[in-house]
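The values are calculated or read from the model by the stated rules, or taken from the named source; none is laboratory data. Nothing here was measured: the structure is a model prediction, and the numbers come from that model. Every residue, glycine among them, receives a Cβ derived from its backbone with ideal geometry; neighbour counts consider all protein chains shown.
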């Protein structure tokens, strides 16, 4: 049973920032998503058939699962039925749910109709329980089936769990009112939202392609933040983080779409695509290595066709075992 958020109490956010476990969804329906391409400038077509694209995407996906597991990360693979219609972007589950150490699973409203088919809480909960985790309640933010406003989970919200702060680039996919509602309910102390403008003149579609926050570092394409707000964002980050500024060109190689994790030994890892790894400068990689082992992963087909990369493919699992 999926319940709307209606509690008066506010959950406490655990201070764990780097997840030890993740959820991944195989790209069995993967192809160029025309619906999302309206505002996702990172998507590009390839001269391949849909069948060829899926074959390459599945190979990249399972290669990523194997690589993360070999580094000691707990990976739950959520299989699903295609009977409810095509879900070309299902490989990016971080846009429709998030989890907390209190046992909560939050569900979020997404902008594109064919992406709403991805939201399958019963399937998610079953997969998590089969993997030994204990989701205690499923909480719904807004109207999931026919939403009038959208908040695409950790696609649009970059959470600094240690400092109880959420960063968010406002866009069609990030509604300010829903953002504030989530921040209040989940118990974060502060939200810092801002406007962006890429060289094309459009706002960035998801915050997690322009920035990432780890325990002691942040990567951000601050040059696309409106000048009035840029200093406020950087000041907040610089209080507690080593800040790595990336260019818009590096953002286009998904340098902002990275995620700090920890393995079963408590060692920190930073998962990123191979293209992102190659686009970081030597000095930037030196700074990042202070905060975890860099784990480059080849997902070139997925990130080219889908317009999202490694971080988008990882749904952080903070649930209790």
If residue 287 satisfies all but one of (1) touching a residue at least 24 places away in the same chain (Cβ under 8 Å); (2) buried (at least 19 other Cβ atoms within 10 Å of the Cβ); (3) assigned to a helix (DSSP H, G or I), what's the number of the condition it fails? (2)
Of all residues in segment 290-321, count the ones that are over 30 Å from residue 53 (Cβ atoms) and either assigned to a strand (DSSP E or B) or in contact with a helix residue (DSSP H, G or I) (Cβ under 7 Å, 6 or more places away or on another chain) (or both). 2
Residues in segment 204-241 that are within 21 Å of the chain's Cα centre (by Cα) and not in a helix (DSSP H, G or I): how many? 17
So is residue 314 in contact (Cβ under 8 Å) with a residue 24 or more places away in the chain and within 20 Å of residue 205 (Cα to Cα) or not? yes
If we keep just the residues of segment 261-284 that are more than 18 Å from residue 61 (Cα to Cα) and either touching a helix residue (DSSP H, G or I) at 6+ places or on another chain (Cβ under 6 Å) or free of Cβ contacts under 8 Å to residues at least 40 places away in the same chain (or both), which is surrounded by the most Cβ atoms within 10 Å (Cβ to Cβ)? 280
Across segment 242-272, the tally of residues that are in a loop (DSSP other than H, G, I, E, B) and at negative phi stands at 11
The conditions are (1) buried (at least 19 other Cβ atoms within 10 Å of the Cβ); (2) more than 19 Å from the chain's Cα centre (by Cα), and residue 183 fails exactly one of them. Which is it? (2)
Does residue 246 meet the test of being without any contact (Cβ under 8 Å) to a residue 60 or more places away in the chain, within 18 Å of residue 159 (Cβ to Cβ) and either buried (at least 16 other Cβ atoms within 10 Å of the Cβ) or more than 21 Å from the chain's Cα centre (by Cα) (or both)? no
When you go through (1) within 18 Å of the chain's Cα centre (by Cα); (2) on the phi > 0 side of the Ramachandran plot one by one for residue 142, which number turns out not to apply? (1)
Within segment 35-59, how many residues turn out to be modelled with pLDDT of 90 or more and under 23 Å from residue 249 (Cβ atoms)? 0
Within segment 191-202, the count of residues that are free of Cβ contacts under 8 Å to residues at least 60 places away in the same chain and either in contact with a helix residue (DSSP H, G or I) (Cβ under 9 Å, 6 or more places away or on another chain) or buried (at least 19 other Cβ atoms within 10 Å of the Cβ) (or both) comes to 8
Within the group 317, 278, which residue is more than 24 Å from residue 20 (Cα to Cα) and in contact with a strand residue (DSSP E or B) (Cβ under 9 Å, 6 or more places away or on another chain)? 278
